[in-house]
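Worksheet for the structure shown next.
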Amino acid sequence: MKPIIAANWKMNKTVGESVLFAERLSNEFAKMEDKDIIIAPPFTALHSVAAVLKGSALHLSAQNMHWDEKGAYTGEISAGMLIDVGCEYVIIGHSERRNLFAEKDEYINQKIKTAFKMNLKPIFCIGETLNERNLEKTFEILRRQIKEGLNNILSDDIKRIVFAYEPVWAIGTGKTATAQQAEEAHRYIRKAIIDLFGKDAGANNIRIIYGGSVNQENIAGLMDQPDINGALVGGASLNFESFAKIINF
Ligand code: PGA
């Protein structure tokens, strides 16, 4: 499976900074065929970054979208708008959205359905909090997030989802899950996809990427695991040199 290295810039970088980064990335990695490199700049920079990435092997993602196709939702961005500015992927269900903006599984499910309708590929984030892990509820939480987030989604579409396991306690904290902890969760996620959606969903070919304090030191150990097919990188993707080292792990 082709590994994915994705950058989630969150609420960082101006248009100018994003374009400069994308130009450097394009100069170095435009022809990269053996890994899928995805960057998710803030909404304001998507259009300009799309112009820089055009014609390269690099991919563009948004960080969020609304579940409805259009309407009276002041301040929101639709899937169609993301397609319009050149996005191919969209991050859905990031724990910061779930926890800080009260996004429920039910909204996430709607968003995924709308993303498919508009031909955007979802990067679907799931993960447990520290408290849930301490209570040994990790698998139960992951299963609920998968089941409810992907309710009524066809096996054929499940195949097109990139799953991102992001333990909440490891995001932005410097505490990465050990490669073994991450592998254990990824293996469980693959099994849950088979249980919930059957063999047709092709769980063995679905890419499950890890996110949570990934950096140039820990990337190789994580990528050594059989069920870890890439990384979703926040903090360490903001600096070009560190992100380039992660790509070249
Ligand atoms: P982090 O963020 O790498 O800064 O922990 C990862 C993410 O939230 O996607």
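Note the full-extension length gain between S48 and K147 as 0.36 nm times their separation in residues minus their Cα-Cα distance, in nm to one decimal.
Working: separation 99, 0.36 × 99 = 35.64 nm, distance 3.63 nm.
Fully extending the segment from S48 to K147 adds 32.0 nm.
Given 20 °C and 1.002 mPa s, how large is the Stokes-Einstein diffusion coefficient of region 147-189 in µm²/s, with Rh as the Kirkwood radius over Cα pairs? The Stokes-Einstein estimate is 175 µm²/s.
When only DSSP loop residues count, what GluC sites (Glu not before Pro) in region 101-200 have their Cβ near at most 10 other Cβ atoms within 10 Å?
Numbers: sites: E103, E106, E128, E132, E136, E140, E148, E183, E184; in loops: E103, E128, E136.
Here the sparse-neighbourhood loop sites are E136.
I want to check the label-to-label distance for D34 and E136. Put each point 7 Å from Cα in the C-beta direction and report it in nm to one decimal. So the two model labels end up 4.2 nm from each other.
Order of H47, H66, H186 from fewest to most other C-beta atoms within 10 Å?
Numbers: H47 15, H66 19, H186 23.
With the sparsest Cβ surroundings first, the list reads H47, H66, H186.
At q = 0.08, 0.10, 0.13, 0.16 Å⁻¹ the log10 of I(q)/I(0) for region 4-247 amounts to -0.27, -0.43, -0.75, -1.19, computed by Debye summation with a single uniform scatterer per C-alpha, solvent ignored.
Can you give the FRET efficiency to the nearest 0.05 for R24 and E217, using r as the Cβ-Cβ distance and R₀ = 25 Å? With a Förster radius of 25 Å, E is 0.70.
How much FRET efficiency would the formula 1/(1 + (r/R0)^6) give for D84 and T178, where r is the Cβ-Cβ distance and R0 is 35 Å, rounded to 0.05?
Numbers: r = 42 Å, r/R0 = 1.19.
My answer for the efficiency is 0.25.
Ordered from longest to shortest, the equivalent ellipsoid semi-axes for region 21-109 are 27, 14, 11 Å, each the square root of 5 times a Cα gyration tensor eigenvalue. Which lysines, if any, have their Cα less than 25 Å from the Cα of K35, not counting same-chain residues under 8 positions apart? Partners within reach: K2, K10, K13, K54, K121, K159, K191, K245. Convex hull of alpha carbon positions in region 90-223: directionally averaged projected area 7.8 nm². The helix-based estimate of mean residue ellipticity at 222 nm for the chain, built from -39,500 (n - 2.57) per DSSP H run of four or more residues and divided by its residue count, is -12000 deg cm²/dmol to the nearest 500.
Placing dummy labels 7 Å off each Cα toward the beta-carbon, the span from E69 to K104 is 2.4 nm.
Throughout, read-outs are computed from the coordinates displayed, never taken from laboratory work. As the structure is a prediction and not an experimental result, all values here were calculated from the model. Glycine gets a Cβ as well: all are built from the backbone with ideal geometry, and neighbour counts include every protein chain shown.
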